[in-house]
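Below is one structure, written out as structure tokens; the observations come after it.
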Amino acid sequence: MKCPDCHNELEVFELKDIKIHECPKCKGMWLNQGVVKDIKDLLALLNILRIKMAVKHPRLEQAWEDIERILL
């Protein structure tokens, strides 16, 4: 498979059964549409949990911001 940006051959690696295509030249990372939907669903769930935790445990707000920064 070719990189949509620079047309170099993509390398494939797996992370927790998710296939990620990466371009060794431009370092672009490409995910299929199903994986993107799964990530969006996970982020929505994390946001709901964050709101609930922030109400009950205000000091944990920074921890959730750190998690978001890592995931995004």
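Just so it is clear, none of the values below were taken in a lab; they were calculated from the coordinates. A quick note: this is a predicted structure, and the numbers were derived from the prediction, not measured. All Cβ positions, glycine included, derive from the backbone under ideal geometry; neighbour counts span all protein chains shown.
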Taking the range 20-39 only, how many residues are of a type in the set (D, E, K, R) and either under 12 Å from the mean Cα position of the chain (by Cα) or on the phi > 0 side of the Ramachandran plot (or both)?
3
Going through the range 2-20 one residue at a time, which ones are of a type outside the set (A, V, I, L, M, F, W, C), surrounded by 10 or more Cβ atoms within 10 Å (Cβ to Cβ) and closer than 16 Å to Gln33 by Cα?
Pro4, Lys19
Would you be able to tell me the number of residues in the range 2-46 that are in contact (Cβ under 8 Å) with a residue 24 or more places away in the chain, more than 30 Å from Gln62 (Cβ to Cβ) and not small (Gly, Ala, Ser)?
3
